[in-house]
Amino acid sequence: MIERAVIRPIQTAPPVPAWPEQGQWTYEDWLRLPDDGYRYEVLDGELYMTPPPTTDHQTALGNLFADLLNFTRKRQLGRVFIAPCGVSLPGQPVPVQPDIFFVSREHKSIVDKEYVKGAPDLVAEVLSPSNWSYDRREKFRAYLAAGVPEYWIVDYRARMVEVFHAEEGEYVLLGKYGPGETARSVVLTGFDILTDDIFAE
């Protein structure tokens, strides 16, 4: 007796959804992005990608973070975080990853296990050749709209630090500090740092 062959359908993987158009990105789309060393952020439905940072970027980042951490810990003022760490800004469905940010003790309730859920008291971004306009435009507007009181922009190529403070719905430039000068915070009373120390190798 000849047995009939049993023909079974070939199991195929479900089709991968297409990537959305700019302006249509959601939290679920963002979760599908690869973990490939790039930083992916979504603001107002627009996807932004930043390549891995340079050594000069990381030097400035590490120096500023170390001073902020030391200053706030000694005085028990709150917590300082360094990228990659997610911040869920009010009005933005996808978390962003500031280079450095500070959350005061008074606002510690926004620090969750997975993300910080709310506006930090201070954010600092270190510019790179690939993302300087993003930090100066899109993130500048997003941090202001979210209610971040103080925003530092650190430019290691120009060896310059700009400190902005939110006043009456606008970021006001408190100071632009170059070599040999000292950058100061308003949110963290008493915190200052020589720009030369930020960019020291």
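The values are calculated or read from the model by the stated rules, or taken from the named source; none is laboratory data. Remember, predicted model here, so these are calculated numbers, not experimental data. Every residue, glycine among them, receives a Cβ derived from its backbone with ideal geometry; neighbour counts consider all protein chains shown.
Out of all the residues in the stretch 95-142, which are of a type outside the set (Lys, Arg), more than 20 Å from residue 53 (Cα to Cα) and either in contact with a His (Cβ under 9 Å, 6 or more places away or on another chain) or in a helix (DSSP H, G or I) (or both)?
Applying the first criterion (of a type outside the set (Lys, Arg)) to the stretch 95-142 yields 95-104, 106-107, 109-112, 114-116, 118-135, 138, 140, 142.
Those still in the list that are more than 20 Å from residue 53 (Cα to Cα) too: 102-104, 106-107, 109-112, 114-116, 118-122, 142.
Passing the criteria: 106, 107, 109, 110, 118, 119, 120, 121, 142.
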Lone unmet requirement of (1) free of Cβ contacts under 8 Å to residues at least 24 places away in the same chain; (2) within 22 Å of residue 79 (Cα to Cα) for residue 152: (1)
Apart from one, (1) under 27 Å from residue 19 (Cα atoms); (2) in contact (Cβ under 8 Å) with a residue 24 or more places away in the chain; (3) crowded, with 21+ Cβ neighbours inside 10 Å; (4) not small (Gly, Ala, Ser) all hold for residue 129; the odd one out is (3)
Restricting to the stretch 163-199, count the residues that are in contact with a His (Cβ under 7 Å, 6 or more places away or on another chain) and part of a loop (DSSP other than H, G, I, E, B). 1
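Mind checking which residues of the stretch 170-201 are β-branched (Val, Ile, Thr) and within 20 Å of residue 56 (Cβ to Cβ)?
Step one: filter the stretch 170-201 for residues β-branched (Val, Ile, Thr), giving 172, 182, 186-187, 189, 193, 195, 198.
Within the stretch 170-201, 193, 195, 198 meet the criteria.
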Restrict the check to the stretch 47-69 and report whether at least one residue is over 23 Å from residue 95 (Cβ atoms), among the polar types (S, T, N, Q), modelled with pLDDT under 80 and not in a helix (DSSP H, G or I). no
For residue 143: the one exception among (1) surrounded by fewer than 13 Cβ atoms within 10 Å (Cβ to Cβ); (2) under 28 Å from residue 38 (Cβ atoms); (3) at pLDDT 95 or above: (1)
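Of all residues in the stretch 81-106 being under 13 Å from residue 187 (Cα atoms) and out of contact with any helix residue (DSSP H, G or I) (no Cβ under 8 Å at 6 or more places or on another chain), which is surrounded by the most Cβ atoms within 10 Å (Cβ to Cβ)?
Looking at residues that are under 13 Å from residue 187 (Cα atoms) and out of contact with any helix residue (DSSP H, G or I) (no Cβ under 8 Å at 6 or more places or on another chain), I get 101.
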Restricting the stretch 53-80 to residues that are surrounded by fewer than 17 Cβ atoms within 10 Å (Cβ to Cβ) and of a type in the set (A, V, I, L, M), the residue that is nearest to residue 156 (Cα to Cα): 66
Somewhere in the stretch 173-184, is a residue polar (S, T, N, Q), crowded, with 17+ Cβ neighbours inside 10 Å and at pLDDT 95 or above? no
One residue is enough: does the stretch 29-42 have a residue meeting the conditions closer than 15 Å to residue 135 by Cα, in contact with a Leu (Cβ under 9 Å, 6 or more places away or on another chain) and free of Cβ contacts under 8 Å to residues at least 40 places away in the same chain? yes
